[in-house]
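J.: Before I ask anything, here is the structure I am working with.
The values are calculated or read from the model by the stated rules, or taken from the named source; none is laboratory data. Here the structure is a predicted model, which is why all the values come from computation and not from measurement. Cβ atoms come from the backbone with ideal geometry, glycine included; neighbour counts cover every protein chain shown. With ligands, DNA and RNA removed, areas are computed over all heavy atoms of the protein, side chains included. Shrake-Rupley method; radii C 1.70, N 1.55, O 1.52, S 1.80 Å.
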Amino acid sequence: RETANALKRMPLNRAKTYLKNVIAKKEIIPFRRFMGGVGNHAQAKVHGTSQGRWPLKSCEFLLDMLKNAESNAEYKGLDADHLVIDHIQVQRAPKMRRRTYRAHGRINPYMSSPCHIEMTL
């Protein structure tokens, strides 16, 4: 969610370079809502906040999604240089259930937390 909010109203090419920079830890994703226990970093000053992280997994997923959207736009005959991320939102999906085995013969749930991402260029 934080990564998607950082990409809102950003041109497509800039969003792709931004995510690549985040993966390389050259730029930061500002954490504005889920920021309990998130450390302060000097890179976050650019975004007007003090807290941020470099969420690798979400950046890779969004980068793949942006590349897919760009190829879809080129297939439809649109100019990829003029595309802007108009709308992007992330919502929780139903959890998948597995089990993990604990001491003294107990079993605890081992849940995954997937999400639905929707984007409009």
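J.: Considering only the other residues whose Cβ falls under 14 Å of the Cβ of W54, what net charge follows from Lys and Arg at +1 and Asp and Glu at -1? Walk me through the intermediate numbers first.
T.: On the way: positive: K20, K25, K26, R53, K57; negative: E2, E27, E60.
Its environment carries a net charge of +2.
J.: What pairs from K25/K45; K26/K95; K16/K76 go past 22 Å between their alpha carbons?
T.: Too far apart for the 22 Å limit: K26/K95.
J.: Another one. Determine, from the Cβ-Cβ distance of S71 and K26 and an R0 of 22 Å, the FRET efficiency 1/(1 + (r/R0)^6), rounded to the nearest 0.05.
T.: On the way: r = 25 Å, r/R0 = 1.16.
Approximately 0.30, to the nearest 0.05.
J.: Could I ask something else about it? Suppose all protein chains stay in the model; what accessible area per residue would a 1.4 Å probe give for the chain, in Å²?
T.: Ligands and nucleic acids excluded, the figure is 71 Å² per residue.
J.: Can you bin the chain into rounded, prolate or oblate? Criterion: square roots of the alpha carbon gyration tensor eigenvalues sorted a ≥ b ≥ c, rounded for a/c under 1.5, prolate for a/b above b/c, oblate for the rest.
T.: On the way: a/c = 2.69, a/b = 1.45, b/c = 1.86.
The shape class here is oblate.
J.: Long-range amide H contacts for C115: which residues qualify at under 5 Å (H placed 1.01 Å from N, peptide plane, sequence gap of 5 or more or a different chain)?
T.: Correct list: A93.
J.: Additional query: What is the Cα centroid distance between the stretch 29-46 and the stretch 9-23, reported in whole angstrom?
T.: Their Cα centres are 18 Å away from one another.
J.: Sticking with this one: What is the set of long-range amide H partners of L83 at a cut-off below 5 Å, with H atoms built 1.01 Å from backbone N?
T.: Under 5 Å from the amide H of L83 lie the amide H atoms of L12, each far enough along the sequence or on another chain.
J.: Let me ask something else about it. Using 0.36 nm per residue, how much length does the chain from R99 to I117 gain when fully extended, once their Cα-Cα distance is taken away? Let's see the in-between values first.
T.: Values: separation 18, 0.36 × 18 = 6.48 nm, distance 2.65 nm.
Length gained, R99 through I117: 3.8 nm.
J.: Can you list which of the trypsin sites (Lys or Arg not before Pro) found in the stretch 81-114 are DSSP loop residues with at most 13 other C-beta atoms within 10 Å?
T.: Values: sites: R92, K95, R97, R98, R99, R102, R106; in loops: K95, R102, R106.
For trypsin sites (Lys or Arg not before Pro) across the stretch 81-114 that sit outside H, G, I, E and B with at most 13 neighbouring Cβ atoms in 10 Å, the list reads K95, R102, R106.
J.: Let's see if you can work this out: charge +1 on each Lys and Arg Cβ, -1 on each Asp and Glu Cβ, no other charges. What is the dipole magnitude of the chain about its Cα centre, in debye to the nearest 20?
T.: On the way: 22 positive and 10 negative charges, 191 e Å.
That gives a dipole near 920 debye.
J.: Please give, to one decimal in nm, the separation of the simple spin-label points placed at D81 and H47, each 7 Å out from Cα toward the Cβ.
T.: In this crude spin-label approximation the distance works out to 2.9 nm.
J.: Got a sec to turn the phi values of the stretch 9-18 into Karplus ³J(HN,Hα) couplings, 6.51 cos²θ - 1.76 cosθ + 1.60 with θ = phi - 60°, whole Hz, x for Gly and Pro?
T.: My calculation for the stretch 9-18 gives 6, 10, x, 4, 5, 5, 5, 5, 5, 4 Hz in order.
J.: Per DSSP H run of at least 4 residues, take -39500 (n - 2.57); add these up for the chain, divide by its residues and hand me the 222 nm value, nearest 500 deg cm²/dmol.
T.: On the way: 3 runs with 38 residues, N = 121.
Using -39500 (n - 2.57) per qualifying helix, the result is -10000 deg cm²/dmol.
J.: For the stretch 74-80, in order, what is each residue's ³J(HN,Hα) by Karplus, 6.51 cos²θ - 1.76 cosθ + 1.60 with θ = phi - 60°, in whole Hz (x at glycine and Pro)?
T.: 5, 5, 7, x, 8, 7, 5
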